[in-house]
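See below for the structure under consideration.
The values are calculated or read from the model by the stated rules, or taken from the named source; none is laboratory data. This structure is a prediction, so every number in the text was calculated from the model and none was measured. Cβ placement follows ideal geometry from the backbone for every residue including glycine, while neighbour counts extend to all protein chains displayed.
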2 protein chains.
Amino acid sequence: MSKNLTKRSEDYSKWYNELVVKADLAENSAVRGCMVIKPYGYAIWEKMQAELDKKFKETGHQNAYFPLFVPKSLFEAEEKNAEGFAKECAVVTHYRLKTDPDDASKLIVDPNAKLEEELIVRPTSEAIIWNTYKGWIQSYRDLPILVNQWANVVRWEMRTRLFLRTAEFLWQEGHTAHETRQEAIAETEQMNNVYADFVENFMAIPVVKGRKTESERFAGAEDTYCIEALMQDGKALQAGTSHFLGQNFAKAFDVKFTSKEGKQDYVWATSWGVSTRLMGALIMTHSDDNGLVLPPNLAPIQVVIVPIYKGEEQLNQISEVADQLVEDLRAKGISVKFDNRDTHRPGAKFAQYELQGVPLRIAIGPKDLEKGTVELARRDTLSKQFIQKDDVVNTIETLLVEIQESLHLKATQYRDSHITEVNSFEEFKEVLENKGGFISAHWDGAAETEQKIKELTKATIRCIPFDAKEENGVCVYSGNPSKVRVLFAKAY
Amino acid sequence: MSKNLTKRSEDYSKWYNELVVKADLAENSAVRGCMVIKPYGYAIWEKMQAELDKKFKETGHQNAYFPLFVPKSLFEAEEKNAEGFAKECAVVTHYRLKTDPDDASKLIVDPNAKLEEELIVRPTSEAIIWNTYKGWIQSYRDLPILVNQWANVVRWEMRTRLFLRTAEFLWQEGHTAHETRQEAIAETEQMNNVYADFVENFMAIPVVKGRKTESERFAGAEDTYCIEALMQDGKALQAGTSHFLGQNFAKAFDVKFTSKEGKQDYVWATSWGVSTRLMGALIMTHSDDNGLVLPPNLAPIQVVIVPIYKGEEQLNQISEVADQLVEDLRAKGISVKFDNRDTHRPGAKFAQYELQGVPLRIAIGPKDLEKGTVELARRDTLSKQFIQKDDVVNTIETLLVEIQESLHLKATQYRDSHITEVNSFEEFKEVLENKGGFISAHWDGAAETEQKIKELTKATIRCIPFDAKEENGVCVYSGNPSKVRVLFAKAY
């Protein structure tokens, strides 16, 4: 496996693309805009899924599965309250291929197999799910409905990038139904907090929690909460969203319930989701010019053992030590791989595991056998130490925790040092151009101002942070009065 | 929840459809042929997934994810060696919806957004995966590839039934690549055995392992192994298949490797899958006229506790006992629910859990408080007993194992008593009509005979069992010589 990654300082975007492919995370497929998630990348995604799924279930949610297709008419029903909904989507119009009568080696779409109504491959499932909930909800006894779905969705993106923006991607989408506005808002908040907790503490990525402005909101939502992360190139990445949908979908799909008091009312809704985009956030938060850096919580292999030997006898002696270590580490719940392949040299193995971000590497050679030591290398700091064989398990247990914390700390320091308060539009542009990151600035609350700033700088309002302190000021662009600073940034 | 299930003896098919819907497993959706898998049904599927996934990983497989869409041209490449491939599939021809210029409340497919090449929603992924493997495989060092995918697939079925035959269904598909024919055959066998072990021991469904005849084989396979189960109405159900694909796909997609000896050769392949169809097998193997019967291994709720009380004071006293039981049972890894809803009466709760197949039900009333007992009811036998509070946990642990075994035994007895050896075509038809089940009969090995028998009786050869004893005989239909009995049945 050849490394030769482009340096981040040279071309961040190229570095990212190369890393995703060379670290065996994903690759482009024969289908425009659709990716193949390779086993190593998928193993990381599985760890994310498992942890999120546990958190969803702990907060009372159940999984279900709804159809891949949405009949066009359901989109029309939804469109009434979601004017801006993107319509770039995959449309199924026929249900049969047949052999070309003029050329038996070709297949053609059978013109006689046209669907009466076109089906859209779901870009998100509110429409099909609320059309289903109509049949599930009659009375307050049927509420709340707390359902999540793990699924693939398709949005016909013109410019795609692995994990960050692909035509097909994997995600989870929660869709809940409630008796009251308050309960739905509490759910929206709860799930945004679940995401923040997961991304901060499991992925070691610091996030800002806040609320989207009206123009950045999900079409059909009354309020969109989000978590925003900051990548190493100073661009923001929206890592998760949680929407309070009010009664919009209940009204579009006529979903009413009878309350305890016998009154009819429309149901209150939320939806919330995170996707394989989080893989992009993971890569761009921790990795370096040598390749991927993984927080131990997400590493498919936490420790790799590489033997350094000449001849079978040495390998056998090393294997004895390694096998015991594997056993001891596994007993502690640590995932470990002993790479004794004879088809690759130690140097190639070192390069591979560095590129793939394995948090800890143990090398054992003949000198180590004599001294009763092993060489232990940390991927995040690239530091090495020799330790006594008997200390390996304890040291590794400690280090895995330390690495997880250290990555979070490092990313937090970077993020915190890239939140800049500015008080004029000149300063705004100067910081955006030369430093990047989040810009904390006063904004007058007008969509036109937001739009104008976007046109002039490409920066958007990432969120109105929940913890923003109230403060009298004037909008950096319009000079109109403002009471709170919002966070601007260029974003993925 | 109203029961009133149709009796199996009256109309088995109607009983099945009603049960699936009333037990909250699944329902039809607004999309023709596509189902909604409801949370209770999905929870059972998740248990199947978890166990299968563990077995796949234990046998060295990794998960990955490939695109939902297959470009039409890849099907053409595949078609060259798979003449009979079903072409009833969902075809994506356009990538945009837009507002109808004549009616702003309508959406139309944008005629300017036609795809250059049509995309097929995957009915199975051999084509897209082998097109991908071409880039992954150069040398023997890259082999074997042992990959599985959990995914949704779509086949445009005209007549659909929940779980058994739906246009979209969920499944896993393993796709492996090997250096040698022997290794690929061993993999095919291994995975058929993994399925058999899972279905027998986890789902408590007895299966016959065998090989498909040429006409029942997967198009593109050199050999198809399968596991065949028998439903209560005497019809067989194919519960899983494992295909030895030879070098067919490697040739179609030009996937060669350099061997240790430096020779170029095409790669050897397998594929294997099971689907949400297994839910149908589960239901039709164990359930009865009162509803679902679930083996404890697959029950989302293994034990339910229902309080029988008048007034809050009694409920509080019962809750004290129940809460302790919940804690003790959970500590043993048993899933338990205390249903203290005050919106439903005990009778309604009993009916619901019976319908949903919860293996054990505990009822606690004021009399029980006095005597220090609880009432324990088994779903499978509908038997009840009173037991001392202190014995509950031990009794339940024992019973859960016993129920699992008992369901398997009962199903095995039914299956074994429905394998009938016949020696003439008259007998064949008589048994098929009056008794059903598997018919063990001599067959001359000719596809025309198989086809003729199918036309005359609707019975197909389910498999040539691996454990069929060799025996000289004559074909029940043609009278030609035969050396082995095969299993015929009508099938789902």
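For the criterion of being among the aliphatic types (A, V, I, L, M) and closer than 30 Å to A:Tyr65 by Cβ, B:Leu369 fails. Does the range B:52-65 contain any residue that is at the interface with another protein chain (Cβ under 7 Å from one of its Cβ atoms) and either without any contact (Cβ under 8 Å) to a residue 60 or more places away in the chain or part of a loop (DSSP other than H, G, I, E, B) (or both)? Looking for residues that are at the interface with another protein chain (Cβ under 7 Å from one of its Cβ atoms) and either without any contact (Cβ under 8 Å) to a residue 60 or more places away in the chain or part of a loop (DSSP other than H, G, I, E, B) (or both), one finds at least one in the range B:52-65, hence yes. Taken together, the residues in the range B:175-199 that are closer than 22 Å to B:Glu228 by Cα, out of contact with any Cys (no Cβ under 9 Å at 6 or more places or on another chain) and of a type outside the set (Gly, Ala, Ser) amount to 12.
Can you find, within the range A:114-128, the residue that is nearest to B:Gly33 (Cα to Cα) among those that are facing chain B (nearest Cβ under 8 Å) and outside any helix (DSSP H, G or I)? Looking at the filtered set, the residue picked out is A:Leu119. Considering the range B:262-275, and only residues there that are within 20 Å of the chain's Cα centre (by Cα) and surrounded by 24 or more Cβ atoms within 10 Å (Cβ to Cβ), the residue that is farthest from B:Gly174 (Cα to Cα) turns out to be B:Val274.
Give me the residue from the range A:15-48 that is in a helix (DSSP H, G or I), at the interface with another protein chain (Cβ under 10 Å from one of its Cβ atoms) and not charged (D, E, K, R) and, out of that set, farthest from A:Ile283 (Cα to Cα).
Looking at the filtered set, the residue picked out is A:Pro39.
Taking (1) within 36 Å of the chain's Cα centre (by Cα); (2) under 30 Å from B:Leu5 (Cα atoms) in turn, B:Asp342 satisfies each apart from (1).
Could you give me the residue pairs with C-beta distances under 7 Å whose first residue belongs to the range B:362-377 and is under 16 Å from B:Gly347 (Cβ atoms) and not assigned by TED's automatic domain parsing to the domain that holds B:Glu320, whose second residue is hydroxyl-bearing (Ser, Thr, Tyr) and assigned to a loop (DSSP other than H, G, I, E, B) wherever it lies, and which are 6+ apart or on separate chains? From residues that are under 16 Å from B:Gly347 (Cβ atoms) and not assigned by TED's automatic domain parsing to the domain that holds B:Glu320, there are no pairs. Of all the residues in the range B:156-191, those that are more than 10 Å from chain A (Cβ to nearest Cβ), crowded, with 21+ Cβ neighbours inside 10 Å and charged (D, E, K, R) number 2.
Taking the listed residues A:Ile227, A:Ile205, the one that is surrounded by 22 or more Cβ atoms within 10 Å (Cβ to Cβ) and in a loop (DSSP other than H, G, I, E, B) is A:Ile205, with no other qualifying.
Filtered by the rule that a residue be among the basic types (Lys, Arg), modelled with pLDDT under 95 and either in contact with a Cys (Cβ under 9 Å, 6 or more places away or on another chain) or closer than 21 Å to A:Val154 by Cα (or both), the range A:97-132 gives no residues.
Residues in the range A:407-442 that are buried (at least 21 other Cβ atoms within 10 Å of the Cβ), under 22 Å from the mean Cα position of the chain (by Cα) and of a type in the set (A, V, I, L, M, F, W, C): A:Leu407, A:Ala411, A:Phe438.
Within the set B:Ile227, B:Ile205, the sole residue that is touching a helix residue (DSSP H, G or I) at 6+ places or on another chain (Cβ under 6 Å), without any contact (Cβ under 8 Å) to a residue 60 or more places away in the chain and of a type outside the set (D, E, K, R) turns out to be B:Ile227.
Considering every residue within the range A:348-359, establish whether at least one is aliphatic (A, V, I, L, M) and closer than 28 Å to A:Ala229 by Cα. Looking through the range A:348-359, at least one residue is aliphatic (A, V, I, L, M) and closer than 28 Å to A:Ala229 by Cα. Close contacts from the range B:339-350, counting a first residue that is under 17 Å from B:Gln314 (Cβ atoms) and a second that is among the acidic types (Asp, Glu) and outside any helix (DSSP H, G or I), with Cβ to Cβ under 8 Å and a gap of 6+ residues or different chains, come to B:Lys349/B:Asp339.
Answer yes or no as to whether B:Ala151 is over 15 Å from the mean Cα position of the chain (by Cα), outside any helix (DSSP H, G or I), in the same structural domain as B:Trp272 (by TED's automatic domain parsing) and surrounded by fewer than 22 Cβ atoms within 10 Å (Cβ to Cβ). So B:Ala151 does not fit the description; no.
Of all the numbered requirements in (1) in the same structural domain as A:Arg330 (by TED's automatic domain parsing); (2) under 26 Å from the mean Cα position of the chain (by Cα), A:Gln385 misses one, and that requirement is (2). Set side by side, the residues B:Lys80, B:Lys87 differ, and just one is at the interface with chain A (Cβ under 7 Å from one of its Cβ atoms) and at pLDDT below 95, which is B:Lys87. Condition check for A:Ile334 on (1) in contact with a strand residue (DSSP E or B) (Cβ under 7 Å, 6 or more places away or on another chain); (2) not in a loop (DSSP other than H, G, I, E, B): one failure, at (2). Considering the conditions (1) over 29 Å from B:Glu118 (Cβ atoms); (2) at the interface with chain B (Cβ under 7 Å from one of its Cβ atoms); (3) of a type in the set (A, V, I, L, M, F, W, C), A:Leu107 is excluded by exactly one of them, (1).
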